[in-house]
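Down below is the structure, laid out as structure tokens.
The values are calculated or read from the model by the stated rules, or taken from the named source; none is laboratory data. Small disclaimer: the values here were computed from a predicted structure and weren't measured. Glycine gets a Cβ as well: all are built from the backbone with ideal geometry, and neighbour counts include every protein chain shown.
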Amino acid sequence: MEAVYIPQLVRAPEQTEQIEVNSYLPDLDTLTPVQGQVRVTHRGNYLEVAGQAEAIVTLTCDRCLQQYNHRIKVNISELIWLQKQEDDPDADLLEREVAFEDLVETLDPDGYFQPLIWLYEQLCLEMPPRQLCDVNCAGIQVNTATEAETEQPTRIDHRWASLQSLREHLQN
Ligand SMILES: [Zn+2]
């Protein structure tokens, strides 16, 4: 998928280009292709970018280490400030102070906008920081065994319990 040449975007209908996405993204390991679209509009001194996309990824559960499938979805819009690389970043800062908080990213106005790289970044941000196959996942069996061992004084091992009852039975 080609990049959007920003000066050319000005001459596009409504200064907007919409890119349909239905492909695997480099460096993003997804089970299904990423499906959606990215719309980019030239607003003079900034770009307005909106994207909706989804894909299924295979994750590894933090508790039981089993793999499971998870759907990631993005539906976001973002403003990207257009600023010459050689510009003093502090110049006109007061002038744009109000908007600057929303315009954390900048691009060269004579450069390119990379819709797939942008989408890749958005999808990465959607990856769950805590990966669980299920909210009630009990974890791996080794953990359960370790817990049982540490709790042993309060528990009776059923194998010893049956031996005990056998012995009582023989004694009676
Ligand atoms: Zn799990």
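Residue pairs whose Cβ atoms lie under 7 Å apart, sitting 6 or more positions apart in sequence or on different chains, and linking a residue in the stretch 53-64 that is over 18 Å from TRP118 (Cβ atoms) to a partner that is within 9 Å of the ligand (Cβ to nearest atom) and not in a loop (DSSP other than H, G, I, E, B), are LEU59/TYR68; CYS61/TYR68.
Every listed requirement among (1) out of contact with any Asp or Glu (no Cβ under 6 Å at 6 or more places or on another chain); (2) modelled with pLDDT of 65 or more; (3) surrounded by 13 or more Cβ atoms within 10 Å (Cβ to Cβ); (4) not basic (Lys, Arg) is met by GLN131 save one, (1).
Annotation: of all residues in the stretch 39-71 being under 17 Å from the mean Cα position of the chain (by Cα) and more than 16 Å from the ligand (Cβ to nearest atom), the one that is surrounded by the most Cβ atoms within 10 Å (Cβ to Cβ) is ALA55. From the list LEU25, LEU31, the lone residue that is touching a residue at least 24 places away in the same chain (Cβ under 8 Å), assigned to a loop (DSSP other than H, G, I, E, B) and buried (at least 18 other Cβ atoms within 10 Å of the Cβ) is LEU25. Return the residues of the stretch 3-22 that are buried (at least 16 other Cβ atoms within 10 Å of the Cβ) and either assigned to a strand (DSSP E or B) or among the β-branched types (Val, Ile, Thr) (or both); say none if nothing qualifies. VAL4, ILE6, GLU17, ILE19, VAL21, listed by residue number.
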